[in-house]
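Asks: Next up is a structure, given as C-alpha cells.
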Amino acid sequence: MVIMNGKGTTRENGGSDSMPIHNFVIENKSEINESIYTSYSWDAHGVIHKSGLMAEEHAYLEDEFISYIQDSLNWLNTWNPSTCKRCSGLNNYGITVIEEKDALLKFHQLIRAWIDVFNLAPDQIKLTGDYCFDGNEQRGYYEKLIYNRVELINELNKLANMTKDAELNEKCILHFGI
C-alpha cells in the first residue's frame, strides 16, 4: 500500500500518513537559551508559528528523511540549549542549535551535496527506510519512502538558503526535533 501524506512524500507498506516533522528556523543568537522553545508554537498540522516568522525563515523535513541523512548530519558540531552541552548532529527529540560559522558552512555544504544527489534522481525518489516487522506474521521488511523530487529539493534549497543567510548575518539555525 502507498499512502500520500500531503507533503510530497508517500510511504509504501502502510503506516501513518502523519509523519513526525523536524522544523528548522533562522534565529538571532542572542535569543537562544534553555527556554527558547517557549517562543514558538505548533498548530494541529504541525506547522510552526512565532510572531514575525517568515516563510523563508522556516523549513521542515520528515523524521524518516532525517534518519536517511543522519550519518552525514552527525558530522556537525552543535549545541543543545536544554542541557547546555556541545554535541554532534541533531537532537532527534529536542532542540539543537547550529551556530558556529564553520558548522553553518558545513551544514550548508551537506544540504547542497544532498541536493546534488537528488537532482540526479527520477521524479519519484524511492529511498530505503527503517527495518519494520509485519505485526501478523513477524516477517521483516525495509520500509520504502517515496518523495516527490521537486518538492524535496525545494525544501532542501530553502534550508540551504536559510543556512547561508544565518552564516552571513551572524545568526544561527534552530532545529526542533520530533
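Asks: Hey, can you list the DSSP H helices of the chain whose Cα span along the axis is 15 Å or longer and whose average Kyte-Doolittle score is at least -1.0? Write down the numbers at each step before the final one.
Replies: Values: long enough: 101-119 (27 Å, 0.18); 149-168 (28 Å, -0.40).
For the chain, where a helix must reach 15 Å along its axis and average at least -1.0, the hits are 101-119, 149-168.
Asks: Over the Cα atoms, compute the radius of gyration (one decimal) and Dmax (the largest Cα-Cα distance, rounded to a whole number) for the chain, in Å.
Replies: 16.6, 54
Asks: Counting residues in region 27-68 as N, plug N into 2.2 N^0.38 Å and put the Cα Rg over that result. Don't jump to the answer; show the numbers that get you there.
Replies: Values: Rg = 12.1 Å, N = 42, 2.2 N^0.38 = 9.1 Å.
Cα Rg divided by the expected 2.2 N^0.38 Å: 1.33.
Asks: While we're looking at this one, here's another question. Counting only heavy atoms of the protein chains, get the accessible area per residue of the chain (1.4 Å probe) and round it to a whole Å² value. Working shown, then result.
Replies: On the way: 9410 Å² over 178 residues.
With all protein chains present, the chain gives 53 Å² per residue.
Asks: Past 23 Å, Cα to Cα, is the threshold; run Lys126/Lys164; Lys106/Lys158; Lys50/Lys85; Lys106/Lys171; Lys85/Lys171; Lys85/Lys106 against it and keep the listed order. Please report the intermediate quantities before stating the final value.
Replies: On the way: Lys126/Lys164 28 Å; Lys106/Lys158 16 Å; Lys50/Lys85 25 Å; Lys106/Lys171 15 Å; Lys85/Lys171 19 Å; Lys85/Lys106 20 Å.
In this structure, Lys126/Lys164; Lys50/Lys85 lie more than 23 Å apart at Cα.
Asks: Considering only protein heavy atoms and a 1.4 Å probe, what is the carbon-and-sulfur percentage of the accessible area of region 33-178?
Replies: Values: 3940 of 7880 Å².
It is 50 percent, rounded to a whole number.
Asks: Tell me the mean residue ellipticity at 222 nm calculated for the chain from its helices only (DSSP H runs of n ≥ 4, each -39500 (n - 2.57), averaged over every residue, nearest 500).
Replies: Values: 3 runs with 50 residues, N = 178.
Theoretical 222 nm ellipticity from helices: -9500 deg cm²/dmol.
Asks: Computed FRET efficiency, Cβ-Cβ of Asn154 and Asp134, R0 45 Å: what is it to the nearest 0.05?
Replies: Numbers: r = 34 Å, r/R0 = 0.76.
FRET efficiency, Asn154 to Asp134: 0.85.
Asks: Would you report the distance distribution of C-alpha pairs in region 92-161 as whole percents per 10 angstrom bin, up to the bin with the largest distance?
Replies: 17, 32, 31, 16, 3, 0
Asks: Here's another thing I want to ask about it. Determine the gain in length on full extension of the stretch Gln109-Asp63; use 0.36 nm per residue of separation and subtract their C-alpha separation, reporting nm with one decimal. All intermediate terms of the calculation are to be shown ahead of the outcome.
Replies: Numbers: separation 46, 0.36 × 46 = 16.56 nm, distance 2.04 nm.
Contour length minus Cα-Cα distance gives 14.5 nm.
The values are calculated or read from the model by the stated rules, or taken from the named source; none is laboratory data. Owing to the predicted nature of the structure, the values given are computational and were not obtained by experimental measurement. Here Cβ is always computed from backbone atoms with ideal geometry, including for glycine, and neighbour counts include all displayed protein chains. Note: accessible area is taken over every heavy atom of the protein model, side chains too, but ligands, DNA and RNA are not part of it. Shrake-Rupley method; radii C 1.70, N 1.55, O 1.52, S 1.80 Å.
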